[in-house]
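Participant: Got a structure for you, written out below as structure tokens; questions coming shortly.
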Amino acid sequence: MQEPYQWYVMYVRANSEQRVIADINRYIQKQTFDYEFDPFCPESEYYYRSKQDRLIGKSYRKRPLFPGYVFMETTMPPEVFVREFGAYIYGSQDIIRLLRMGSSHGNIALPIDERRRLEFLLRGKRCLECSVGYIVGDKVTVEDGPLKGYEGLITYINRHNRYADIELDMFGGKIKARVALEIVQRTE
């Protein structure tokens with residue numbers, strides 16, 4: 001998408017992310033906007049321990065990185081977005097509200113630093129892929145993947161189920177997310 005573009009975040013009902021994305025796409029097709037739109041729900045890989053999947057070599061699946069949130073990437077300025085989508089959001093049964101960043105009357109666009117951090121972690125794929133690392137003593141080192149260089153975000157590691165909990169500064173506070181992390185070696 002061409003600069004300048006914004007990311008707007010909508011808080012939606014549990015497990016309705018894909019339905020909201022489809023509804024937004026239908027709404028956009030009915031309108032005659034001169035802006036680009038890309039509604040999406042960032043995803044995260046997770047290890048799936050099904051014997052059937054492991055036999056065919058498919059051990060990772062995807063789930064929402066931030067359950068209950070749908071993002072809208074668009075070139076539409078915030079004031080136009082509120083005017084054009086306000087009634088749609090208010091009338092939707094699945095969208096609870098449009099998030100405002102900062103104070104209660106703050107900007108609706110995700111701050112640029114938070115957007116860029118997410119874009120870096122997602123690597124333009126809208127999915128946080130599996131990272132690979134090792135543990136020496138109590139220190140985690142990520143060798144490959146989107147968490148490389150972001151070891152400080154990791155708050156918990158479950159080696160058996162191959163995931164890590166990370167904590168990000170997002171949406172005006174700290175938010176936890178579960179991501180795939182393969183620990184290949186642990187040494188003392």
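The values are calculated or read from the model by the stated rules, or taken from the named source; none is laboratory data. Fair warning: this is a prediction, and the values are worked out from it, not measured in the lab. Ideal geometry is used to build each Cβ from the backbone, glycine not excepted, and the neighbour counts take in all protein chains shown.
Participant: Under 8 Å between Cβ atoms, at least 6 apart or on separate chains: pull out the pairs that start in segment 114-129 with a residue that is in contact (Cβ under 8 Å) with a residue 60 or more places away in the chain and end on any residue that is of a type outside the set (Lys, Arg) and assigned to a helix (DSSP H, G or I).
Facilitator: 128/121; 128/122
Participant: Kindly indicate the residue of segment 112-164 that is of a type in the set (Asp, Glu) and part of a loop (DSSP other than H, G, I, E, B) and also nearest to the chain's Cα centre (by Cα) among those meeting that condition.
Facilitator: Only one residue tops the list, namely 129.
Participant: Taking only pairs six or more apart or across chains, which ones have beta-carbon atoms under 6 Å, a first residue in segment 35-59 that is over 22 Å from residue 12 (Cα atoms) and part of a loop (DSSP other than H, G, I, E, B), and a second residue that is of a type in the set (Lys, Arg) and at pLDDT 70 or above?
Facilitator: Between residues of segment 35-59 that are over 22 Å from residue 12 (Cα atoms) and part of a loop (DSSP other than H, G, I, E, B) and residues that are of a type in the set (Lys, Arg) and at pLDDT 70 or above, the close pairs are 48/61.
Participant: Continuing with the same structure: Could you grab me the full set of residues in segment 141-178 that are within 18 Å of residue 115 (Cα to Cα) and either hydrophobic (A, V, I, L, M, F, W, C) or touching a residue at least 60 places away in the same chain (Cβ under 8 Å) (or both)?
Facilitator: Matches in segment 141-178: 147, 153, 166, 168, 170, 171, 172, 175, 177.
Participant: Can you give me the number of residues within segment 128-171 that are small (Gly, Ala, Ser) and surrounded by 20 or more Cβ atoms within 10 Å (Cβ to Cβ)?
Facilitator: 4
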